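Trainee: Before I ask anything, let me first share the structure, which is written out below as structure tokens.
The values are calculated or read from the model by the stated rules, or taken from the named source; none is laboratory data. Please read these numbers as outputs of a predicted model, since none were measured by experiment. Cβ placement follows ideal geometry from the backbone for every residue including glycine, while neighbour counts extend to all protein chains displayed. SASA here: full protein model, heavy atoms, side chains in, ligands and nucleic acids out. Shrake-Rupley method; radii C 1.70, N 1.55, O 1.52, S 1.80 Å.
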Amino acid sequence: MATELMRVDHLDKYYGDWQALHNINFSIHEGEVIALVGPSGSGKSTLIRTLNGLEPYQKGTITFEGKKVTPDKVSWQKLRQEIGMVFQSYDLFPNLTVMGNILLGPTKVQKRDEGEVKAEAQKLLERFELADQADAYPRQLSGGQKQRIAIIRALVMHPKLMLFDEVTASLDPEMVRGVLNIMQELAKKDHMTMIIVTHELTFAAKVADQVLFLEDGRLRETTSAKQFFTNPQTDRAKEFLASMDY
Amino acid sequence: MAHSGINVLFAGHNFARLMGGLWTSVWIAALSILFGGILGILFGFLRTRSNRLVKLIFRLYLEFFRIVPTVVLLFLVYYILPRQFNVNWPGTWMAVLAFTLWVAAEYSDIVRGALESVPKHQIEAGEALGLNDRQLFWYVSLPQAFQLALPGTINLATRVIKTTSLLMLISVMDVINIGQQIIEANNNEHPTTVFWVYGLIFILYFIVDYPLSWWERRLRKNSKEVK
């Protein structure tokens with residue numbers, strides 16, 4: 001059995017008086033891929049954002065590599081070097097080139113040698129078919145290219161866990177495939193530990209080991225992907241799968 | 001005799017004096033923009049972070065300088081500082097002081113607006129890389145705020161240059177004041193002098209200001225294309 005990388009216990013989150021997440025419990029092991037699915041507004045993004053400290057939570061604990069996370073600014077700043085995140089809107093820094101975007105974290109946060117990181121970045125760019133784009137600015141790139149670069153920007157930090165928050169949701173349909181392929185490759189070849197918020201259920205069925213089905217801020221179902229897609233346990237999950245035309 | 005007024009421009013040292021006056025206007029504007037810009041960046045930065053009281057003080061400061069006409073500011077500095085505080089600087093430095101305070105107020109608002117307009121997503125993307133607050137400011141907020149503030153900065157600079165035309169009111173020998181002297185000395189003999197002198201001043205201000213406003217317009221157009 002692989003070691004447990006992150007575990008979430010009894011997590012509650014409020015926005016003012018409104019409770020966004022209710023008693024969330026789950027854990028993820030090294031090399032495992034979790035798909036976080038559910039209707040819009042169910043709290044998927046909120047949950048994945050709490051996992052690297054972008055959203056505060058009011059109750060419960062997050063444990064990373066066996067250590068309970070102290071939810072303050074400095075601890076999260078440190079932890080984020082281990083937990084990469086990719087967003088729906090790519091959010092490359094427009095004033096930096098592709099290479100500048102990729103180098104920022106490793107050289108400024110991790111204080112690694114620029115030459116060494118550059119060589120690694122170049123390899124990743126080649127691997128993801130972006131070798132010619134190192135000196136381009138984000139505005140010169142397509143959405144799919146930007147998202148692949150955002151993934152490289154996170155990977156080059158050598159994270160132990162990658163979080164993907166609806167990374168294909170704002171892409172043109174013909175760009176989606178390329179990004180999904182990269183994620184699949186990361187899962188199968190690199191055995192990267194990943195949590196993926198997605199509406200692409202076919203993709204989720206292909207890469208995920210575990211599915212968390214979230215609705216109204218509650219985890220309705222935590223099962224193996226196989227079970228979830230062939231034989232969902234709750235009526236809500238059945239309705240959801242039917243509504244998604246899966 | 002109808003076109004004799006133009007000769008006045010080149011009689012004696014008149015042209016050199018006008019250019020000297022223009023130089024006075026330009027360096028007063030340049031120093032005010034420089035000092036006011038530095039103060040404005042500081043004030044604008046403080047207004048994005050500090051506590052409510054500090055914010056309120058800077059806000060009042062901004063409103064005061066925005067509401068009070070620049071002429072009044074010039075007079076306040078010119079008359080009150082020497083009398084009440086025994087500060088006896090030359091009028092040119094009084095002008096730099098008044099303009100600096102005005103530019104700092106207006107610029108703090110441009111800087112604050114620009115810093116606050118950097119999209120939240122961008123900050124989060126930086127946070128997700130593990131950047132600390134200082135690094136976020138330096139590598140994410142500041143470069144993007146700079147882009148956002150640039151058109152407003154240039155616009156303010158052109159306004160400062162134009163407003164130097166008020167300097168004659170506190171007896172600074174700027175280009176308008178010198179022009180006025182030349183007109184008064186020659187008006188009886190050459191009644192058309194006034195057109196030539198102010199015509200030249202019009203062109204001089206245009207030459208100084210137009211490149212700036214052209215640059216600003218180009219930047220605004222480019223930023224629209226990027227989006």
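Trainee: In a shell of Cβ-Cβ distance under 15 Å around B:Trp196, excluding B:Trp196 itself, what net charge do Lys and Arg (+1) and Asp and Glu (-1) give?
Mentor: That works out to -1.
Trainee: Mind jotting down the three principal axis lengths of the stretch B:4-226 based on Cα atoms? Whole angstrom, largest first.
Mentor: Answer, in whole Å and largest first: 75, 48, 23 Å.
Trainee: Now a separate question. Which far-off residues, 5 or more places away or on another chain, put their amide H under 5 Å from the one on A:Met85, with H placed in the peptide plane?
Mentor: Residues meeting the amide H criterion: A:Leu163.
Trainee: Taking the Cα centre of the protein assembly as shown as the origin, how large is its charge dipole in debye, to the nearest 20, when only Lys and Arg (+1) and Asp and Glu (-1) carry charge on their Cβ atoms?
Mentor: Dipole about the Cα centre, nearest 20: 800 debye.
Trainee: Just to be sure I understand the curve: with the Debye formula and one point per C-alpha of chain A, what is log10 I(q)/I(0) at q = 0.11, 0.12, 0.14 Å⁻¹?
Mentor: The Cα Debye sum returns log10 ratios of -0.58, -0.69, -0.95.
Trainee: Skipping prolines and chain starts, which residues have an amide H placed within reach, meaning under 5 Å, of the one on A:Thr193, given they are 5 or more residues away or on another chain?
Mentor: A:Gly31, A:Met162
Trainee: Quick one: which bits of the stretch A:79-112 get at least 50 Å² less accessible when the partner protein chains are in, versus the chain alone, with a 1.4 Å probe?
Mentor: A:Arg80, A:Asp91, A:Phe93, A:Asn95, A:Leu104, A:Lys108, A:Val109
Trainee: Principal axis lengths of the stretch A:16-127 from Cα atoms, whole Å, largest first?
Mentor: 47, 31, 30 Å, listed from the longest principal axis down.
Trainee: Right, something else. Please report, in whole Å³, the volume per residue of the convex hull around the C-alpha atoms of the stretch A:92-158.
Mentor: 72 Å³
Trainee: Still on this model: Can you give the helix-only mean residue ellipticity at 222 nm for the protein assembly as shown, where every DSSP H stretch with n ≥ 4 adds -39500 (n - 2.57) and the sum goes over all residues, rounded to the nearest 500 deg cm²/dmol?
Mentor: -17500 deg cm²/dmol
Trainee: About its Cα centre, how strong a charge dipole does the stretch A:101-246 have in debye, to the nearest 20, once Lys and Arg get +1 and Asp and Glu get -1 at the Cβ?
Mentor: Approximately 360 debye in magnitude.
Trainee: Quick one: of the DSSP bridges fully inside the protein assembly as shown, what percent are antiparallel, nearest 5?
Mentor: The antiparallel proportion sits near 55 percent.
Trainee: Please turn the phi angles of the stretch A:204-211 into ³J(HN,Hα) values with the Karplus equation 6.51 cos²θ - 1.76 cosθ + 1.60 (θ = phi - 60°), one per residue in order, whole Hz, x for glycine and proline.
Mentor: Each residue of the stretch A:204-211 in turn: 4, 4, 6, 9, 7, 8, 10, 10 Hz.
Trainee: In addition: Counting only protein heavy atoms and using a 1.4 Å probe, what share of the accessible area of chain B belongs to carbon plus sulfur, as a whole percent?
Mentor: 67 percent
Trainee: If you average the C-alpha positions of the stretch A:1-43 and of the stretch A:195-246 separately, how far apart do those two centres end up, in angstrom?
Mentor: Rounded to whole Å, the Cα centres lie 14 Å apart.
Trainee: A further question follows. Please name which of A:Asn181, B:Tyr61, A:Phe228 has its Cα lying farthest along the dipole of the protein assembly as shown towards the positive end, using unit charges on Cβ (Lys, Arg +1; Asp, Glu -1) and the Cα centre as origin.
Mentor: Farthest along the dipole direction, towards plus: B:Tyr61.
Trainee: Have a look at the DSSP beta bridges in the stretch A:106-246 and tell me what percent are antiparallel, nearest 5.
Mentor: Of the beta bridges lying entirely in the stretch A:106-246, close to 55 percent run antiparallel.
Trainee: May I pose another question? Loop-only check: which chymotrypsin sites (Phe, Trp or Tyr not before Pro) in the stretch B:125-184 are DSSP coil with at most 16 other Cβ within 10 angstrom?
Mentor: Those that pass, being in a loop and sparsely packed, number zero.
Trainee: Do any of A:Lys160/A:Lys189; A:Lys160/A:Lys206; A:Lys78/A:Lys108 go past 18 Å between their Cα atoms, and which?
Mentor: In this structure, A:Lys160/A:Lys206 exceed 18 Å between Cα atoms.
Trainee: Using +1 at the C-beta of Lys and Arg and -1 at the C-beta of Asp and Glu, which of B:Phe195, B:Thr164, B:Asn222 has the Cα lying farthest in the positive direction of the dipole of the stretch B:143-227?
Mentor: The one lying farthest along the dipole's positive direction is B:Asn222.
Trainee: Still on this structure: How long is the protein assembly as shown along each principal axis, judged by its Cα atoms, biggest number first, in Å?
Mentor: Each principal axis gives a Cα extent; for the protein assembly as shown these are 104, 49, 45 Å.
Trainee: Taking chain A as a Gaussian network, Cα atoms linked when under 10 Å apart, which of A:Gly31, A:Gly66, A:Gly105 shows the biggest mean-square fluctuation?
Mentor: Maximum fluctuation in the GNM of chain A, among the listed residues, is at A:Gly66.
Trainee: Sticking with this structure for a sec: Give me the summed buried accessible area for the A-B pair, 1.4 Å probe, to the nearest 100 Å².
Mentor: The summed interface area works out to 1800 Å².
Trainee: All other residues with a Cβ under 12 Å from the Cβ of B:Ile154 taken together, and with Lys, Arg as +1 and Asp, Glu as -1, what is their net charge?
Mentor: +2
Trainee: Still on this structure: Within a Cβ distance under 14 Å of B:Trp215, other residues only, what is the Lys/Arg minus Asp/Glu net charge?
Mentor: +2
Trainee: For the stretch B:57-62, in order, what is each residue's ³J(HN,Hα) by Karplus, 6.51 cos²θ - 1.76 cosθ + 1.60 with θ = phi - 60°, in whole Hz (x at glycine and Pro)?
Mentor: My calculation for the stretch B:57-62 gives 4, 5, 5, 4, 4, 4 Hz in order.
Trainee: Let me ask you something else. Using the Karplus curve 6.51 cos²θ - 1.76 cosθ + 1.60 with θ = phi - 60°, what ³J(HN,Hα) values do you get for each residue of the stretch B:67-81, in whole Hz, with x for Gly and Pro?
Mentor: 7, 6, x, 4, 4, 4, 4, 4, 5, 4, 5, 5, 9, 7, 4
Trainee: Counting Lys and Arg as +1 and Asp and Glu as -1, each charge on the Cβ, what is the dipole of the stretch B:4-226 about the Cα centre in debye, to the nearest 20?
Mentor: The calculated dipole for the stretch B:4-226 is roughly 520 debye.
Trainee: Also: Counting other Cβ atoms within 10 Å, keep those with at most 11, restrict to DSSP loop, and tell me which GluC sites (Glu not before Pro) in the stretch B:163-227 are left.
Mentor: Here the GluC sites (Glu not before Pro) that fit, given the DSSP loop and packing criteria, are B:Glu189.
Trainee: Work out the FRET efficiency for B:Arg134 and A:Asp235 from their Cβ-Cβ distance, taking R0 = 45 Å, and round it to the nearest 0.05.
Mentor: In this case the efficiency is close to 0.30.
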